Amino acid sequence: MTLTLTVSLYHYLILSAVIFGIGLFGVLSKKNAIAVLICIELMLNAININLVAFNKYMTPGDFVGQLFAIFVITVAAAEVGVGLAIIIAIYRNKLSVNLDDFDWLKW
Amino acid sequence: MELLDSISWVAVAFHTLAAVAVISALLVVFVRNIVHAVLWLAVFFISLAGVFLTLNAEFIAAIQVIVYAGAICIMVVFGIMLIRRWNMGETNLFNSQTVAAAGVVALVTMLSAFLSFKSGVVEPAGDVPVNQVESIATALLTKYVIPFEVAALLLLVALVGAIFLAKEVKADDADSHS
């Protein structure tokens, strides 16, 4: 008896697509601005899986995928910092983090 | 013993970690209390670090635990506590576009999964070198030195910008400056 449990590039790409979908769903459908920020993190992590998987399966010696993953992590950290600061600044004016209340730019 | 030898332990680890990652990602979106959502986010980040380990990316896995599970989760919790409201149990709700969003997301996920299947079976082109930190550091400081410096500048700008945005601006100060 043998178990045919394998792992290949497919599996990583499917996992990445599923997590990206969950994150996109959260970004489009959450009310709370911080929840949207968290779901953007989910999407960025899904991209990182793709980058590191391609690094292993395509160019293992070059580390291009891993370097891009490091840059993505850097940008994600900066994005969370600035995003939270913006949310706190808006909360101070509007006393709300509900994205449906942020309609100053509406005509 | 034959059964034990036939199991690919990397595959077992990958499938377990992938299940944990998908379930915790779903809980991040569907839990109603946003503090619990951030806790599940930490679980998600750590399981993804395990997925990176199955891809022979030890350095990325360490960075994932330090930066994401350590720093970003704590920062988000601080943000939540600064704007907390009375009923924390109802802080992570859905808006009125949920059905349309589900349709769009189903389409995007189907498309990307289909494209992944079309890519064909790919075998690893070779083994990932063992001395990863050395290789990454060499690449970062030679071929990719410009993006590296730009990333440093980006972090500085984000730091200053976050401090400036989150600092309370009094109406009197704004008047005296103009």
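The values are calculated or read from the model by the stated rules, or taken from the named source; none is laboratory data. This one's a predicted model, so the numbers in the text were calculated from it and none came from an experiment. Heads up, the Cβs are rebuilt from the backbone with ideal geometry, glycines too, and the neighbour counts pull from every protein chain shown.
Restricting to the range A:22-71, and then to whatever is facing chain B (nearest Cβ under 7 Å) and aromatic (Phe, Trp, Tyr), can you tell me which residue is farthest from residue B:56 (Cα to Cα)?
Step by step, filter the range A:22-71, then rank; the result is A:25.
Could you please find all residues in the range B:113-168 being over 27 Å from residue A:46 (Cβ atoms), of a type in the set (A, V, I, L, M, F, W, C) and not in a helix (DSSP H, G or I)?
B:130
Show the residue pairs that are 6+ apart or on different chains and have beta-carbon atoms under 8 Å apart, the first residue being within the range B:135-163 and not assigned by TED's automatic domain parsing to the domain that holds residue B:56, the second being assigned to a helix (DSSP H, G or I) and among the hydroxyl-bearing types (Ser, Thr, Tyr).
B:151/A:74; B:154/A:74; B:155/A:74
Please state which of the following conditions residue B:110 fails to meet, knowing it meets all the rest: (1) under 29 Å from residue A:31 (Cα atoms); (2) within 7 Å of another protein chain (Cβ to nearest Cβ).
(2)
Looking at the range B:72-84, which of the residues that are crowded, with 19+ Cβ neighbours inside 10 Å and either among the β-branched types (Val, Ile, Thr) or more than 7 Å from chain A (Cβ to nearest Cβ) (or both) is farthest from residue B:135 (Cα to Cα)?
The selected residue is B:83.
Would you confirm, using the coordinates I've provided, whether residue B:84 is within 21 Å of residue A:24 (Cα to Cα), in the same structural domain as residue B:11 (by TED's automatic domain parsing) and either touching a residue at least 24 places away in the same chain (Cβ under 8 Å) or out of contact with any helix residue (DSSP H, G or I) (no Cβ under 7 Å at 6 or more places or on another chain) (or both)?
In short, no.
When residue A:11 is evaluated against the numbered criteria (1) out of contact with any Phe, Trp or Tyr (no Cβ under 9 Å at 6 or more places or on another chain); (2) free of Cβ contacts under 8 Å to residues at least 60 places away in the same chain, which criterion, by number, is the only one it fails?
(1)
Yes/no matrix, rows are residues, columns are (1) touching a Gly at 6+ places or on another chain (Cβ under 9 Å); (2) facing chain B (nearest Cβ under 7 Å); (3) without any contact (Cβ under 8 Å) to a residue 24 or more places away in the chain:
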{"position": "A:17", "(1), (2), (3)": "no, yes, no"}
{"position": "A:73", "(1), (2), (3)": "no, yes, no"}
{"position": "A:83", "(1), (2), (3)": "yes, no, no"}
{"position": "A:91", "(1), (2), (3)": "no, yes, yes"}
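Pick out, from the range B:1-71, the helices (runs of 4 or more DSSP H) lying fully within it that include 1 or more residues that are surrounded by 18 or more Cβ atoms within 10 Å (Cβ to Cβ) and facing chain A (nearest Cβ under 10 Å).
Where helices (runs of 4 or more DSSP H) fall fully within the range B:1-71 and carry at least 1 residues being surrounded by 18 or more Cβ atoms within 10 Å (Cβ to Cβ) and facing chain A (nearest Cβ under 10 Å), they are B:9-30, B:34-54, B:58-63.
Results for (1) under 12 Å from the mean Cα position of the chain (by Cα); (2) within 16 Å of residue A:40 (Cα to Cα); (3) touching a residue at least 24 places away in the same chain (Cβ under 8 Å), shown as yes or no for each residue.
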| site | (1), (2), (3) |
| --- | --- |
| B:30 | no, yes, no |
| B:58 | no, no, yes |
| B:67 | yes, yes, no |
| B:73 | yes, yes, yes |
| B:110 | no, no, no |
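Filter the range B:122-153 for residues that are of a type in the set (Asp, Glu) and under 25 Å from the mean Cα position of the chain (by Cα); which is nearest to the other protein chains (Cβ to nearest Cβ)?
Applying the filter and picking the extreme gives B:134.
Among the residues in the range B:59-67, are any under 30 Å from residue A:92 (Cα atoms) and assigned by TED's automatic domain parsing to the domain that holds residue B:12?
yes
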